[in-house]
């Protein structure tokens, strides 16, 4: 029962979001209608100094678990030759 209700709600939400986008609402306003558990893809660009800061803050045990996982996954996909730049700020 809950699965059917969720899928119906999800479909209705998408229709509303598409309608607003078609009416030329700004993406930065419509994005707040997306549920937190909705799967999204993100592309980001970051310089080495900012990435060091991200690793230092978000791999700490006090950081939100989801951020810890994200920081760890970003670290794991870095090219091997770049790892030397971050070895001193990673807390795993």
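Estimated from helices alone, the mean residue ellipticity of the chain at 222 nm is -16500 deg cm²/dmol (sum of -39500 (n - 2.57) over DSSP H runs with n ≥ 4, per residue).
Between residue 30 and residue 80, the contour length at 0.36 nm per residue exceeds the Cα-Cα span by 14.2 nm. Volume of the convex hull of the chain (Cα atoms only), normalised per residue: 144 Å³. Extending 7 Å from Cα along the Cβ direction at residue 6 and again at residue 91 yields two label points whose distance is 3.3 nm.
None of the figures in this text is laboratory data; all of them are computed from the coordinates on show. Quick caveat: nothing in here was measured; it's all calculated off a predicted structure. Virtual Cβ from ideal backbone geometry, glycine too; neighbours counted across all protein chains shown.
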